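> Take a look at this one; I'll ask things after.
The values are calculated or read from the model by the stated rules, or taken from the named source; none is laboratory data. This one's a predicted model, so the numbers in the text were calculated from it and none came from an experiment. Cβ sites come from the backbone with ideal geometry, for glycine too, and all protein chains shown count toward neighbours.
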Amino acid sequence: MLPNPPLCLLMQMRPLFSTAASAVAGPVDFSELPGLPRLRYQILEYKAKLSLIVFLLVLESSLLPISLYYGLVLGTTLRRGIVFAIITSFFGIVTGIEFSLRSYKLVFKGDAYRPVGGTRWSFDYTHWTLTLGYAVMTAILIGASIPHDPLVRPLAMPVPLFFIQVGLQLAWSGWMDRTGRLAPFRISSVAKGGRVRPMVFTLIEDVVAVDGGGGREYRYALLARYDASRRFRAMIEQQNWFWAVGALIDGVGTMVVIWTVPETVAYGVVLPLTKMAPTLATLPPELLMEIAECEPLDLASLSALIRVERYFYHLLWPVLYRRSPKSFFHCIRTGSVAGVSKFIAAGADVNAKIDLYPDIQDFFGPTTPLMTAAVRNRGEVVDLLLRAGADIALSTPVFLSRTILADNIHPCASIAEHNAFTVALALGYDGVALQLAKAMADPDSVVAATIADKWTALELAVLCLRPKIVRQLLASGARPNRQRPRGEGAPLHILMANYSSNERVGWAPNGAAAFTSVVMALLEYGADPFIKRQCWAHKDDPDSEECRKHCVVVPCTAGACSPYPQVRKHFRDLAHRQLCPKLACKASRHQYAVRSEDIPGHCDVGPDEVIDMAKVEAVTGLDQADGTRGTAQCMF
């Protein structure tokens, strides 16, 4: 028989339709079929077997070794030589069975599966390729696993070497086909001296004929299709070079990685620490803790050490967490409650100051854990940190990267030393700000600094028009009549002075309503609308005529001129009560938060009624003299 019978000869041969299990006496006759020769093989009939084989091969070559490696290393105390011996013992289960079945079919099944012109012991080209590859891989795995300390790099070589072998064979066959060279030996159905076909064609022929059950009938059909179809030959050639280049790149690239990177990268275990582990395990726990706390022991080595054995993990994980402040801040940023809890349980410093530069996505300058949680609006993390003892008043000279300074009239625009409360307030995170306000034992001690001054939490909340936060701070003990050090007055003074026009409130949503709510909150918690501010300009002579005439303006006087109708009416009513002789008005003189309409018998003060504010201030000044009302002392 010719090694490569031409198509015309195939057409004249006797038709034969056999199964893979039957003996094949000759090629298939395609003369009764129109078009190209048919392959007569339905791969979908074998999809279950194909899927199973592919899954088992992937399991044997990657999933099972990786699972066994990490399971045995992290879950047991076995020596590394035993670990690799167990792993390599599973090598060849699937491939060995499949290889044995191929050998049985080629040797004992007559001509049903053999290549065209092949003998009992000639096998096919794919079988010889697998024989060489398996022999080399088995020798490497056995030899590298024998030493007491296994040779890790050689143990990672078998699969890349097989890729290189197949890639070189594919490239060689592609070159032989392209140049029209003759085969130096039998290549499956191509006899010695025949034209070499691309190895992809040979692999398809051998695998489908033997492993897929197509038999020699499929070999004849595939040969006929290859000889008859120019497009089929072009497709086979393209596939051959695609897999040749891909296999070589993958194999060579993996080999380069294996022999250039540290073994820690290849296998995920620090081998020097692995060798030290039995010795370290004999040391007292106190000495191990001292070693772990030692600065020269880097975090990567410490992390690798606690992965060697469970004993090291349970003993040393708190040290690893304590020595990883940036990881602590990363957990806070991402809102990982479990991670933050782990760091706190390990003893991480919840009041630590750290500069994350060059990472400036939140702050430019040193920050604290509580400030980091506030800038990311992480309410649950804020609660964890507060319960762990985080200091709300702790401040740092830092600038917000996500700035709110686009509008220079914002009350927080000039703050140069932030704390967690001012960060939440500046960014509008009222939920976090309320959490912090509730946790303040002394709200007046929570201070933010500008370049030349300091502001308490209540003063900033008042200026930012946050009525809920103002109420919470007052409920937590903030003093509503506390005077500013430079004569700006109490919070009510500051509010009136900074929001004397509608334009000033325009930056805040619902500014007029928020302004009114803040005023009423201050009055409800005891803010004095008639308190006189400490005059900074005339501090040596506060009773001088010039000071009385030009400097001392009580909040009620400013409120009576307010552009906001509800505020203006309320303060005019308060002023009226100070002078009115009627019993209902006189009895409610000091009920500053009660509206006139809620007082039975109160006078109806019209918008055009003239009220002598100078007389009102004089009357309230008498009250100050007898001690019923006075000026608070500055605490700065």
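> Is there a residue in region 560-569 that is modelled with pLDDT of 80 or more, aliphatic (A, V, I, L, M) and farther than 20 Å from residue 490 by Cβ?
no
> Show the residue pairs that are 6+ apart or on different chains and have beta-carbon atoms under 7 Å apart, the first residue being within region 211-232 and at positive phi, the second being buried (at least 22 other Cβ atoms within 10 Å of the Cβ) and in a helix (DSSP H, G or I).
Filtered contacts from region 211-232: 215/209.
> Related question: Do we find that residue 158 is under 45 Å from the mean Cα position of the chain (by Cα), crowded, with 20+ Cβ neighbours inside 10 Å and at negative phi in this structure?
yes
> Now for a separate question. When you scan region 95-130, how many residues do you find that are of a type in the set (Ser, Thr, Tyr), free of Cβ contacts under 8 Å to residues at least 24 places away in the same chain and in contact with a helix residue (DSSP H, G or I) (Cβ under 8 Å, 6 or more places away or on another chain)?
Residues meeting the conditions: 0.
> Could I ask something else about it? For region 92-170, which helices (runs of 4 or more DSSP H) that fit wholly inside it have 2 or more residues that are at pLDDT 80 or above and touching a Ser or Thr at 6+ places or on another chain (Cβ under 6 Å)? Step through it out loud before you land on a result.
Numbers: elements: 93-108, 125-145, 152-155.
The qualifying helices (runs of 4 or more DSSP H) are 125-145.
> What is the one condition in (1) hydroxyl-bearing (Ser, Thr, Tyr); (2) under 21 Å from residue 463 (Cα atoms); (3) at pLDDT 85 or above that residue 450 does not satisfy?
Residue 450 satisfies every listed condition except (3).
> Can you tell me which residue within region 233-250, out of those that are without any contact (Cβ under 8 Å) to a residue 60 or more places away in the chain and touching a Pro at 6+ places or on another chain (Cβ under 8 Å), is surrounded by the fewest Cβ atoms within 10 Å (Cβ to Cβ)?
239
> Scan the helices (runs of 4 or more DSSP H) fully inside region 300-346 and keep the ones with 1 or more residues being modelled with pLDDT of 85 or more and of a type outside the set (D, E, K, R).
Fully inside region 300-346 and qualifying: 325-334, 337-345.
> Oh, and also: Please specify each residue of region 37-52 satisfying the condition of being among the hydroxyl-bearing types (Ser, Thr, Tyr) and part of a helix (DSSP H, G or I).
The answer is 46, 51.
> Can you name every residue in region 429-452 that is within 21 Å of residue 384 (Cα to Cα) and part of a loop (DSSP other than H, G, I, E, B)?
Of everything in region 429-452, those that are within 21 Å of residue 384 (Cα to Cα) and part of a loop (DSSP other than H, G, I, E, B) turn out to be 429, 440, 441, 442, 446.
> Name the residue, out of 507, 455, that is in a strand (DSSP E or B) and modelled with pLDDT under 90.
455
> Please note which helices (runs of 4 or more DSSP H) are completely contained in region 181-293 and include at least 1 residues that are modelled with pLDDT under 65 and closer than 30 Å to residue 150 by Cα.
Qualifying helices (runs of 4 or more DSSP H): 263-267, 271-280, 285-293.
> For residues that are more than 27 Å from the chain's Cα centre (by Cα) and surrounded by fewer than 24 Cβ atoms within 10 Å (Cβ to Cβ), tally how many sit in region 412-441.
10
> Taking the criterion of being among the aliphatic types (A, V, I, L, M) and under 19 Å from residue 254 (Cα atoms), would at least one residue in region 113-129 satisfy it?
no
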